[in-house]
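Trainee: A single structure is presented below for examination.
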Ligand SMILES: O=C(O)CCC(=O)C(=O)O
């Protein structure tokens, strides 16, 4: 028996490669998470940037709580089963009126994972709609194999390499995924997806959490790590990441730096880059 999703919703995810809106943390918790992010940014005197937007759950206790939140994990378990790693997480932040965008891509392109049994839970921490640049997807495209991508490194592209699908994607085929704060969308690692710039007068903030069942492996990087968030790991393919001892502590920053360096080797392989783009 599924825990929270109806059998029909699970079937829709399998057929279309996405599902939204999924009620997860609710608007009050979303506002609290946004508040914690923005308090940190105010303390630092600048927006969260570069490597700090990746695997941020290794830097802050409150984000480590978010990736383990049962309201999210029950949904993930309904699709991926009971033994779960959080493999990664990323903040996708578009400032008000910012030209930042996300080109059409499949997440699987550079992640180096052994199989496409990978699901993202994209949690909205602000309104995400047509004006603010919500995600759009091509239903059913996850059933295609890996397609060719080209790297653009366009300065306004929020993806690591500014990668985009090498063939034209027909916008007529796209469906928008608007969300209210606290709602989430689910998407499959092979789904074609993109998002336009934010034309609203508020930030658009999403936290994308990448989940895998424990039998998935890293096949490109020599070593990889992940956070066991539910069940057990019978495979030992990933080093287990600890929970940060305190927010942005020296220990948490050191672990995050070491993990980021390894992530860069996988995500930016063959480009000569050694750090995340800002
Ligand atoms: O936040 C966005 O607009 C894009 C997110 C995305 O590409 C992803 O979560 O894989």
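Trainee: Looking only at the range 13-44, which residues have a backbone nitrogen under 11 Å from a spot 7 Å from the Cα of residue 71 in the C-beta direction?
Mentor: 23-33, by backbone N distance to the label point.
Trainee: With a cut-off of 8 Å between alpha carbons and a minimum separation of six or more residues, what is the relative contact order of the chain in percent?
Mentor: Dividing the mean separation by the residue count of the chain yields 31 percent.
Trainee: Right, here's the next one. What's the exposure ranking of 94, 232, 3, going from fewest to most Cβ atoms within 10 Å?
Mentor: Working: 94 27, 232 9, 3 12.
Fewest-to-most Cβ neighbours within 10 Å comes out as 232, 3, 94.
Trainee: Quick one: if the Förster radius is 25 Å, what FRET efficiency do residue 232 and residue 180 give, using the C-beta to C-beta distance and rounding to 0.05?
Mentor: 0.10
Trainee: So, one more: Calculated from DSSP H runs of 4 or more alone, at -39500 (n - 2.57) each and per residue, what is the 222 nm mean residue ellipticity of the chain, nearest 500? Please report the intermediate quantities before stating the final value.
Mentor: Numbers: 5 runs with 65 residues, N = 278.
Computed mean residue ellipticity for the chain: -7500 deg cm²/dmol.
Trainee: Let me ask you something else. If you average 1/r over every pair of different alpha-carbon atoms in the chain and take one over that average, what Kirkwood value in Å do you get?
Mentor: This gives a value of 18.8 Å.
Trainee: Using a ≥ b ≥ c from the Cα gyration tensor of the range 207-278 (square roots of the eigenvalues), is it rounded, prolate or oblate, where a/c under 1.5 gives rounded and otherwise the larger of a/b and b/c decides, a/b for prolate?
Mentor: oblate
Trainee: Sticking with this structure for a sec: When DSSP beta bridges are limited to those with both residues in the chain, what percentage is antiparallel, rounded to the nearest 5?
Mentor: Details: 39 of 42 bridges.
Roughly 95 percent of the DSSP beta bridges within the chain come out antiparallel.
Trainee: At what distance in nm do the modelled label points of residue 199 and residue 129 sit from each other, each positioned 7 Å from its Cα along Cα→Cβ?
Mentor: So the label points at residue 199 and residue 129 sit 1.4 nm apart.
Trainee: Using a 7 Å offset from the Cα along the Cα-to-Cβ direction at both residue 220 and residue 243, what is the distance between the two label points in nm, to one decimal?
Mentor: Result: 3.2 nm between the two label points.
Trainee: For residue 150 and residue 62 in the same chain, what is the full-extension length gain: residue separation times 0.36 nm, less their Cα-Cα distance, in nm? Numbers along the way, then the final one.
Mentor: Working: separation 88, 0.36 × 88 = 31.68 nm, distance 3.59 nm.
Gain on extension, residue 150 to residue 62, equals 28.1 nm.
Trainee: Additional query: For an R0 of 41 angstrom, estimate the FRET efficiency from the Cβ-Cβ distance between residue 273 and residue 32 and round to the nearest 0.05. Please list the in-between numbers first.
Mentor: Working: r = 35 Å, r/R0 = 0.86.
Calculated transfer efficiency: 0.70.
Trainee: Please rank 239, 41, fewest neighbouring Cβ atoms within 10 Å first, as an exposure proxy.
Mentor: With the fewest neighbours first, 239, 41 line up as 239, 41.
Trainee: Next up: What three numbers, in Å, describe the spread of the alpha carbons of the range 1-151 along their principal axes, ordered from the longest?
Mentor: That gives 44, 39, 31 Å along the principal axes, largest extent first.
Trainee: Fewest to most neighbouring Cβ within 10 Å: what's the order for 121, 138, 266?
Mentor: Fewest-to-most ranking of 121, 138, 266: 266, 138, 121.
Trainee: How big is the gap, in Å, between the Cα center of the range 118-153 and the Cα center of the range 180-229?
Mentor: Between the Cα centre of the range 118-153 and that of the range 180-229, the gap is 9 Å.
Trainee: In cubic angstrom, how much convex hull volume per residue do the alpha carbon atoms of the range 109-250 span?
Mentor: Output value, Cα hull per residue: 166 Å³.
Each reported figure results from applying straightforward, stated rules to the coordinates on display, with no laboratory input. Quick caveat, the model's predicted, so the values are computed rather than measured. For neighbour counting, all protein chains shown are included, and Cβ atoms are generated from backbone atoms with ideal geometry for every residue, glycine included.
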